[in-house]
1. With a 1.4 Å probe and every protein chain left in place, work out the accessible area per residue of the chain in Å², rounded to a whole number.
2. From the convex hull of the Cα coordinates of the stretch 2-83, what is the mean projected area in square nanometres?
3. Longest exposed-loop-site-free stretch of the chain, with trypsin sites (Lys or Arg not before Pro), DSSP loop and at most 13 other Cβ within 10 Å?
4. Which ³J(HN,Hα) values in Hz, rounded to whole numbers, follow from the phi angles of the stretch 71-84 under the Karplus curve 6.51 cos²θ - 1.76 cosθ + 1.60, where θ = phi - 60° and Gly and Pro get x?
5. At a 1.4 Å probe, what is the % contribution of carbon and sulfur to the accessible area of the chain?
6. For Gly53, list long-range residues whose amide hydrogen, built 1.01 Å from N in the peptide plane, is under 5 Å from its own amide hydrogen.
Amino acid sequence: MLHLQICQGTTCYVMGAAQLASLAAQLPEDLRGRVRVTGCRCLGLCRDGAFGGAPYVTIDGEVLAAATIDSILAALRARLQEAHP
Ligand code: FES
């Protein structure tokens, strides 16, 4: 099971993480039961700007910057495809 962590720190929240939280309740059918979604405190990434911008999420620890619902779903599906081609 993949672990999606959505940063709920202030910068990410203001930059769009509030909308991303809906993923926890509305994962598409093909991802249900395959992804665990949690929120977390500031990951510390918003301070150095090296990762491309908030909001940040991680998927099994790998950072995804400027996350949108579409980019998260694409990244989750790509990872599942890698694991089970
Ligand atoms: S608020 Fe998300 S990384 Fe800092």
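1. Working: 4940 Å² over 85 residues.
Per residue, the chain has an accessible area of 58 Å².
2. If you wrap the Cα atoms of the stretch 2-83 in a convex hull and average its projections, you get 4.8 nm².
3. Values: sites that count: Arg32, Arg41, Arg47.
That would be 48-85.
4. 5, 5, 4, 5, 5, 5, 5, 5, 5, 5, 5, 4, 6, 9
5. Details: 2550 of 4940 Å².
Carbon-and-sulfur percentage of accessible area, whole number: 52.
6. Placed amide hydrogens put Ala66 under 5 Å from Gly53.
The values are calculated or read from the model by the stated rules, or taken from the named source; none is laboratory data. These numbers come from a predicted model, not from an experiment. Glycine gets a Cβ as well: all are built from the backbone with ideal geometry, and neighbour counts include every protein chain shown. What goes into the accessible areas is simple: the full protein's heavy atoms, side chains included, and nothing from ligands, DNA or RNA. Shrake-Rupley method; radii C 1.70, N 1.55, O 1.52, S 1.80 Å.
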